[in-house]
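For reference, the structure discussed in these notes is given below.
The values are calculated or read from the model by the stated rules, or taken from the named source; none is laboratory data. Everything quoted here is computed from the prediction, not taken from an experiment. Cβ placement follows ideal geometry from the backbone for every residue including glycine, while neighbour counts extend to all protein chains displayed. Only protein heavy atoms, including side chains, enter the accessible area calculation; ligands, DNA and RNA are left aside. Shrake-Rupley method; radii C 1.70, N 1.55, O 1.52, S 1.80 Å.
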Amino acid sequence: MNRILIVGSGGREHALAKCFHKSPTVEKVFVAPGNAGMRDVATIIPIEAMDFEKLISFSKEENIDLVFVGPEAPLSNGISDAMKQAGIRVFGPSAKAAQLEASKSFAKQLMNQYDIPTAKHVTVFTKDEAMKYLSSHPSPIVIKADGLMAGKGVTVAMDDQTAINAVEDIYREVAYGPLVIEEFLEGEEFSLMAFVNGEKVFPLDVARDYKRAHDNDEGLNTGGMGSFSPVPFIKDEWVKEAMNNIMIPMAKAMVDQGIPFTGMLYGGLMATSNGVKTIEFNVRFGDPEAEVLLARLLTPIDQIVFDVMDGKDVNLSFDPRFALGVVMASKGYPLNFEKGIPIRNLDDLGVDVCHMGTDWDNGWVNKGGRVLFVMDLDETLEKARETVYKEIARIDAPGLFYRSDIGRWKEEHV
Ligand code: AMP
Ligand code: GLY
């Protein structure tokens with residue numbers, strides 16, 4: 001029987017905890033640092049995700065059989081390397097391999113070297129260089145700050161002024177540093193995740209994420225405001241193409257570079273009129289994609305991870321029904337938001353909830369920007385959507401907001 005430690009504290013980690021908890025071969029699930037809402041399925045350990053030393057001592061004391069790392073930051077800071085050195089089994093890439101997410105220019109360089117389709121791009125290092133490039137490349141255009149300027153993220157500039165403003169913002173804080181400017185891709189966006197070990201790549205079903213804060217894809221880019229899976233309008237042939245041209249070639253490229261990847265590989269992909277192209281790679285489960293995918297995963301996750309790590313082949317089996325979920329976020333998110341907002345009527349809902357950023361203070365309150373993920377599994381997407389919106393309306397939390405158009409794909413894809 002397996003003893004599992006999940007590292008992280010959001011909705012993805014709650015979904016992982018639920019998934020490990022339901023496996024017949026899992027004895028106990030711990031989450032560090034977790035959040036109060038995960039107590040239904042896990043023991044919460046107050047150790048921060050970046051405190052590798054304490055996580056290692058804890059894993060030894062508790063005879064942890066597997067550490068599963070949720071978020072990117074500990075990975076790119078070397079949690080897997082540290083755990084491995086201490087003799088603890090960990091699922092997640094090394095710091096070197098995690099550059100695939102941490103550094104956009106590293107990812108682009110590899111994609112170009114191995115002919116992995118992605119948006120055309122340039123990397124510039126100064127404001128003058130960026131402005132010069134923009135003057136000959138009109139909008140729509142996409143501006144991506146690299147790891148060095150983390151937090152500035154991505155601007156999809158539909159007009160020239162937005163592009164100029166984004167460049168100015170970035171170089172106001174740092175005079176010199178890599179900035180990726182890339183071609184705007186038009187098409188259907190989808191998230192494809194896979195369990196990877198070296199050249200072996202085992203994909204999950206496709207999920208759809210909603211990145212923008214508000215309805216009709218308006219507002220700022222966020223971590224994701226809702227998701228569903230499977231995605232009827234993403235064709236099987238696009239997924240095959242993505243596997244053959246993007247996911248497998250990237251796994252092979254990493255091996256070829258001497259930095260083999262072990263962990264979850266996430267392709268943020270766009271099916272364009274010129275084929276499927278890569279928007280970005282992440283080195284972990286997407287959030288909130290993990291919540292809907294793990295709700296549908298029928299194969300015990302600990303067995304998948306151990307088999308993948310042992311170099312065996314695995315068959316992933318999924319519930320054919322539709323999982324759909326909506327994020328409730330604190331007003332103001334993804335910018336400044338309030339903490340400590342009371343949330344009532346949470347415990348008698350007729351749907352599943354993943355806690356993304358809650359705390360318990362004589363009642364539920366929020367401590368994160370994204371607070372709750374309200375989710376249902378049903379025969380049709382429409383039914384799942386109806387149930388989720390009916391139940392979410394019963395949650396009494398006037399300080400939170402949510403999108404009302406998650407899963408309205410019929411209207412978008414007639
Ligand atoms: P990223 O952080 O790279 O995932 O970018 C955030 C979001 O911006 C993506 O999920 C896309 O919706 C959008 N985006 C990023 N790059 C492009 C691109 N080249 N063309 C169109 N949209 C993009
Ligand atoms: N939902 C997108 C991500 O996790 O990056």
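Are any residues in the range 18-46 in a helix (DSSP H, G or I) and touching a residue at least 24 places away in the same chain (Cβ under 8 Å), and if so, which ones?
Lys18, Cys19, Phe20, Ala36, Gly37, Met38
Can you pull out every residue in the range 342-367 that is open to solvent by less than 40 Å² (accessible area, probe 1.4 Å) and closer than 22 Å to Leu294 by Cα?
Selection gives Leu346, Leu349, Val351, Val353, Cys354, His355, Met356, Gly357, Thr358.
Residues checked against (1) within 16 Å of ligand 2 (Cβ to nearest atom); (2) acidic (Asp, Glu); (3) touching a residue at least 40 places away in the same chain (Cβ under 8 Å); (4) touching a Gly at 6+ places or on another chain (Cβ under 6 Å):
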site: Val90; (1), (2), (3), (4): no, no, no, no
site: Ser105; (1), (2), (3), (4): no, no, yes, no
site: Asp115; (1), (2), (3), (4): no, yes, yes, no
site: Thr118; (1), (2), (3), (4): no, no, yes, no
site: Thr126; (1), (2), (3), (4): no, no, yes, no
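Would you be able to tell me the number of residues in the range 76-98 that are crowded, with 21+ Cβ neighbours inside 10 Å and in contact with a helix residue (DSSP H, G or I) (Cβ under 8 Å, 6 or more places away or on another chain)?
Total satisfying the criteria: 10.
If Tyr402 satisfies every condition in (1) open to solvent by less than 60 Å² (accessible area, probe 1.4 Å); (2) touching a residue at least 40 places away in the same chain (Cβ under 8 Å) but one, which is the exception?
Failed condition: (1).
Exactly one of these conditions fails for Thr262: (1) surrounded by fewer than 21 Cβ atoms within 10 Å (Cβ to Cβ); (2) away from ligand 2 (no atom under 16 Å from the Cβ); (3) of a type outside the set (A, V, I, L, M, F, W, C). Give me its number.
Against the list (1) surrounded by fewer than 21 Cβ atoms within 10 Å (Cβ to Cβ); (2) away from ligand 2 (no atom under 16 Å from the Cβ); (3) of a type outside the set (A, V, I, L, M, F, W, C), Thr262 comes up short only on (1).
So for the range 340-348 (the condition being closer than 27 Å to Ile64 by Cβ, of a type in the set (D, E, K, R) and either more than 16 Å from ligand 2 (Cβ to nearest atom) or in a strand (DSSP E or B) (or both)), does at least one residue qualify?
No: zero hits.
Pull up the range 171-218, narrow it to residues that are among the basic types (Lys, Arg) and modelled with pLDDT of 95 or more, then point me to the one that is nearest to ligand 2 (Cβ to nearest atom).
Arg208
Exactly one of (1) touching a Ser or Thr at 6+ places or on another chain (Cβ under 8 Å); (2) touching a residue at least 40 places away in the same chain (Cβ under 8 Å) is unmet by Lys200. Its number?
Of (1) touching a Ser or Thr at 6+ places or on another chain (Cβ under 8 Å); (2) touching a residue at least 40 places away in the same chain (Cβ under 8 Å), only one is false for Lys200: (1).
Is it the case, given these coordinates, that Arg394 is out of contact with any Gly (no Cβ under 6 Å at 6 or more places or on another chain), free of Cβ contacts under 8 Å to residues at least 40 places away in the same chain and at negative phi?
So Arg394 does not fit the description; no.
What strands (runs of 3 or more DSSP E) lie completely within the range 248-337 and have 3 or more residues being away from ligand 1 (no atom under 16 Å from the Cβ) and on the phi < 0 side of the Ramachandran plot?
The qualifying strands (runs of 3 or more DSSP E) are 322-330.
How many residues does the range 108-134 hold that are within 16 Å of Gly177 (Cα to Cα) and of a type in the set (Gly, Ala, Ser)?
1
From Ser80, Ser59, grab the single residue that is of a type in the set (Ser, Thr, Tyr), outside any strand (DSSP E or B) and more than 19 Å from the chain's Cα centre (by Cα).
Just a single option satisfies the conditions, and that option is Ser59.
Go through the range 82-107 and give me each residue that's among the basic types (Lys, Arg) and more than 15 Å from Glu183 (Cβ to Cβ).
Correct list: Lys84, Arg89, Lys96.
Take the residues of the range 270-279 that are within 16 Å of ligand 2 (Cβ to nearest atom) and out of contact with any Lys or Arg (no Cβ under 7 Å at 6 or more places or on another chain): which is most open to solvent (accessible area, probe 1.4 Å)?
Out of the qualifying residues, it is Ile279.
Taking the condition of being under 16 Å from Asn315 (Cα atoms), in contact with a Phe, Trp or Tyr (Cβ under 7 Å, 6 or more places away or on another chain) and crowded, with 20+ Cβ neighbours inside 10 Å, how many residues in the range 179-208 meet it?
Here the count works out to 6.
For the range 281-320, which positions are more than 24 Å from Val29 (Cα to Cα) and crowded, with 18+ Cβ neighbours inside 10 Å?
Listed by number, the residues that qualify are Phe281, Asn282.
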